Structures are given as C-alpha cells and as structure tokens.
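Nothing in this text is a laboratory measurement; each read-out follows from the coordinates by a stated rule. Bear in mind that the values here come from a model prediction, so they are computed numbers and not experimental data. Methodologically, a virtual Cβ is constructed for each residue, glycine included, from the backbone with ideal geometry; neighbour enumeration extends over all protein chains shown.
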Amino acid sequence: MTYRKLIFNTAIASQKPSNKDVCPFCDQTELGKILDTKKDMIWVENKFPVLQDSYQTLIIESSWHDGDISAYDLTVNHQLFTFMFEKWAELEACGKYHSVVLFRNFGPLSGGSLRHPHSQIVGFKDVDAYAALDRRTFDGLEICGESEEEAKISISLYPLQDFTEFNVSISNSKGLNRLADSVQLLSDYVLNDFAQGRCSSYNLFFYRFEEEICCKVVPRFVTSAYGIAYGLHQVNQLKRLEAIRDEVRIKLAKKAKQ
Ligand SMILES: [Zn+2]
C-alpha cells in the first residue's frame with residue numbers, strides 16, 4: 001500500500017485554544033471566516049489550519065456548549081445532518097480538492113481539542129483520503145436491515161481499529177433523517193450504556209459509495225500496542241458482539257414505541 005501522510009504545522013498548533021481558555025465557539029468574536037449559517041449552526045474556516053495543503057473547515061453545531069448528537073432534539077439533529085451533508089457536497093463540488101472528508105470527534109480520546117460540539121469538513125489538495133478503504137470494514141453482524149423506519153446497522157467483524165465499531169448506512173440521501181436517528185441512538189448507547197458508561201469518547205466518520213451513505217460510530221479507547229506495532233486488530237468474541245447487538249435492538253424497539 002502507498003504510504004500517505006499529512007504534514008502537520010506545529011507552529012500553528014501551538015496557538016490553538018484548549019478547553020482551559022474561553023470557549024471560542026461560545027464567545028464567537030474571533031471565529032475564522034464564516035462560510036454559511038443556518039439556525040444556530042455556523043460553517044466556518046478553521047482559524048488554526050494545522051494541516052498543510054488542505055482546507056480545514058468546521059461546523060459549530062449548536063450554541064449549546066455541552067450539547068452533543070446523543071442529546072440534541074430530534075429535529076435539531078435532522079437539521080444538523082442536512083446542513084453537514086450540504087456543506088460536504090458543496091466543498092466537493094467546488095473542484096479544488098482531490099478528496100473531501102466529513103467527520104466528528106467527541107471526548108478526550110477522540111482527537112478533538114475543544115468540548116463545544118463541532119464537526120469537521122476538510123478538503124485535501126493532493127491526497128485521496130479514500131484510497132485505502134477496505135469495504136469489508138463496512139459490514140458485519142447485522143443489528144437491523146434498512147427499512148422505511150430504520151437505517152441499516154451492523155457491528156464490524158473487520159473493524160478499522162479495535163473492538164466495537166458500528167456501521168450505519170442508507171441506500172441514498174433520501175434516508176438522511178433515518179441515518180441521523182440511528183447515529184443519535186448509537187451515540188447515546190456508546191456514551192451511556194456500552195462499557196457501563198465508561199466510554200467518554202467516540203468518533204463519527206462519514207463515507208459515500210456512489211448513492212450509498214455510511215457512517216461509522218466508533219467508541220474510542222487508548223490505541224493498542226498490537227495495532228500500532230503489527231497492524232493487528234482486536235475483535236470481541238462473537239458472543240459479546242451478539243450481546244451488544246441485542247442491547248441495541250432493545251433500544252431501537254423502545255424508540256419505535258415512542
Ligand atoms: Zn462553547
């Protein structure tokens with residue numbers, strides 16, 4: 001496989017605010033260039049673009065500092081997904097980037113530096129971010145199939161990294177609200193039920209395969225030595241994956257009754 005890398009600028013990184021500073025997304029007086037707004041969502045240029053040869057932007061999702069996808073009102077979450085996907089498509093359509101990615105960090109182990117809920121849309125001038133994807137990681141033990149009410153959900157049997165990783169997919173963008181609902185349910189499951197509430201961090205990674213849209217919901221823990229050293233992935237025993245599947249099914253059934 002070709003070795004691909006992003007060059008990181010430490011001089012810019014050292015100026016970045018942290019959670020100890022006044023929150024720049026609450027304060028909003030020193031945001032980067034604002035690209036668009038809708039309700040209280042703001043699409044802005046990242047003021048601290050630490051990656052060379054890329055265009056880094058953020059969606060500040062809400063004025064609620066302690067908010068999260070796991071906790072937004074249903075309609076607010078639908079609006080957020082619509083806005084994120086619109087802006088992702090817009091950056092792709094401008095034609096300046098070889099590839100454009102959409103993802104989201106939440107919590108101290110997710111790679112995010114600020115608590116205030118935000119998503120990232122980043123364009124790479126020369127790098128194809130999608131060149132090394134293995135389609136096997138997007139399938140696995142099925143929790144539910146796609147229907148009028150639900151997105152398809154599975155637990156990866158070949159996770160990108162280790163342990164549990166959920167795949168949520170819809171066959172085309174008409175199902176975006178269903179995707180938003182399932183991702184919301186899984187984010188809540190990851191933070192509050194999974195690992196007895198000991199998981200503080202997760203990522204959302206978004207992908208498109210022609211019409212199909214997939215979101216990976218990835219609980220985050222410290223990266224294992226096996227993974228770094230040898231590229232070996234740790235996967236739970238099937239009976240544990242089946243127990244997780246059953247817990248999520250119960251949660252889905254409860255939601256359907258509401
Ligand atoms: Zn804030």
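Worth pointing out:
- Taking a straight line from the alpha carbon of K255, these lysines sit under 23 Å away, with near neighbours fewer than eight places off in the same chain left out: K152, K174, K216.
- Selection from L176, S154, I213, by position along the positive dipole direction of the range 135-257 (Cβ): S154
- Between C26 and D139, residue separation times 0.36 nm minus the direct Cα-Cα distance comes to 36.8 nm.
- Within the range 2-29, backbone nitrogen closer than 16 Å to the virtual label 7 Å beyond the Cα of H65 toward Cβ: 17-29
- Over the range 135-257: Rg over Rh, Cα atoms, Kirkwood Rh: 0.95
- Relative contact order (%) - criterion: Cα under 8 Å, at least six apart; region: the range 135-257: 26 percent
- Angstrom value of the Kirkwood radius, inverse mean 1/r, which spans all Cα pairs in the range 1-71: 14.0 Å
- Label zone at S18, where the point sits 7 Å out along the Cα-to-Cβ direction: the range 101-129 residues whose backbone N lies under 17 Å: 107-116
- Counting every C-alpha pair in the chain, the share spaced more than 32 angstrom apart comes to 21%.
- With the helix formula -39500 (n - 2.57) applied to DSSP H stretches of n ≥ 4, the chain reaches a computed 222 nm mean residue ellipticity of -8500 deg cm²/dmol.
- With pairing defined as another cysteine C-beta under 4.7 Å, the cysteines of the chain that fail it are C94, C144, C199, C214, C215.
- Rounded if a/c under 1.5, otherwise prolate or oblate - the range 10-124, Cα gyration tensor axes: oblate
- By average C-beta atoms within 10 angstrom, highest first, the peptides 209-215, 78-84: 78-84, 209-215
- Build a GNM of the chain with springs between Cα atoms under 10 Å apart, and of L186, L114, L35 the one that fluctuates most is L35.
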